[in-house]
Amino acid sequence: MSLLLGVNIDHVATLRQARYALLPDSPNAEPSPVDAAHDSIEGGADSITIHVRGDRRHMQDRDAKLIRAEIGVPINFEMGITEEMIALALELRPQFACLVPETREEVTTEGGLDVVGRRRETGDCIRRLQAAGIRVSLFIDPDLDQVKASAELGAEMVELHTGCFANAEGDAVETEVQRLADAARLGHSLGLQINAGHGINYGNLFRLFAVPHLTELNIGHSIVSRAMRVGMMEAVRQMKQLMATYPTGACD
Ligand code: PXP
């Protein structure tokens, strides 16, 4: 099977909130995340990723409910480990939930979830979500201890944080690719589905192709940015086209 694409449409809501945060019921409120989800699917998205943050800076609960009700492809619900978000996830019942660390000050999710340090609350959250039929992914740094802990806690998937890879320059890129590859190999050997995300764009995607066992990439910022020029459907189509050359089945 070819590499799957989860399109993160949070930034569509970011743009709407920039003007309409205080006028949520305005008939003028745009752009619509639901429309962006439909366009993404037409462009070839395999799943739609949304993150309702504790501070509601972009996606609102209402967006999440509408998207869950209207969208035919799986929803990947990114969430911090809080009672509020667990309750929302149990109400929405998305196909997937991705547990992420969340601090109020950050511009976007900065580091991976510390599964080793937060073993008990992470395990408890995983069990509650899985009991509701939700498959759970943990967004972690490409660190072998974090991968092991994720498998021990019974998560179905990990999403390897590609932020350091995306920000690396020169020789450091290869070092980051190797870290990701090592984490992917270990995770795969422990039965985890391996996803990756954060900072992936149309230019750096190819360097990730040296990472084996990838099932899905979650990409937001670069797709929404390109959509400003070519539209959402075309931006997603172009990314999927590039992803189609990932050497699946090529295990080492
Ligand atoms: N995966 C996770 C867990 C994220 O928090 C984000 C950012 O919201 C992404 C993927 C997408 O990152 P980007 O917007 O840089 O493509």
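The values are calculated or read from the model by the stated rules, or taken from the named source; none is laboratory data. A quick note: this is a predicted structure, and the numbers were derived from the prediction, not measured. Note that each Cβ is placed from the backbone with ideal geometry, even for glycine, and that neighbours are counted across all protein chains shown.
Could you run through region 102-127 and say how many residues are surrounded by fewer than 19 Cβ atoms within 10 Å (Cβ to Cβ), at pLDDT below 95 and not aliphatic (A, V, I, L, M)? Number of matching residues: 7.
Among the residues here, Gly154 does not qualify as in a loop (DSSP other than H, G, I, E, B), surrounded by 20 or more Cβ atoms within 10 Å (Cβ to Cβ) and touching a helix residue (DSSP H, G or I) at 6+ places or on another chain (Cβ under 9 Å). Where helices (runs of 4 or more DSSP H) fall entirely within region 12-124, those with at least 2 residues that are without any contact (Cβ under 8 Å) to a residue 40 or more places away in the chain and either farther than 25 Å from Lys240 by Cα or of a type in the set (Phe, Trp, Tyr) (or both) are at 61-70, 83-92. Has region 206-219 got at least one residue that is out of contact with any helix residue (DSSP H, G or I) (no Cβ under 8 Å at 6 or more places or on another chain), aromatic (Phe, Trp, Tyr) and more than 11 Å from the ligand (Cβ to nearest atom)? Yes, that holds for at least one residue.
Mind counting the residues in region 149-187 that are more than 16 Å from the ligand (Cβ to nearest atom) and either over 28 Å from Arg128 (Cβ atoms) or without any contact (Cβ under 8 Å) to a residue 40 or more places away in the chain (or both)? Matching residues across region 149-187 total 17. Based on what the data block shows, is Ala132 under 17 Å from the mean Cα position of the chain (by Cα), modelled with pLDDT of 95 or more and either among the hydrophobic types (A, V, I, L, M, F, W, C) or within 16 Å of the ligand (Cβ to nearest atom) (or both)? No; evaluated as a whole, the condition is false for this residue.
Against the conditions (1) assigned to a loop (DSSP other than H, G, I, E, B); (2) under 19 Å from Met243 (Cβ atoms), His188 satisfies every one except (1).
Among the residues of region 191-207 satisfying the criterion of being among the aliphatic types (A, V, I, L, M) and assigned to a loop (DSSP other than H, G, I, E, B), which is nearest to the chain's Cα centre (by Cα)?
Top of the filtered list is Ile200.
For Ile200, the conditions (1) surrounded by fewer than 23 Cβ atoms within 10 Å (Cβ to Cβ); (2) within 13 Å of the ligand (Cβ to nearest atom); (3) free of Cβ contacts under 8 Å to residues at least 60 places away in the same chain all hold with the exception of (1).
Among the residues making up region 1-38, a single one is acidic (Asp, Glu) and under 18 Å from the mean Cα position of the chain (by Cα): Asp10.
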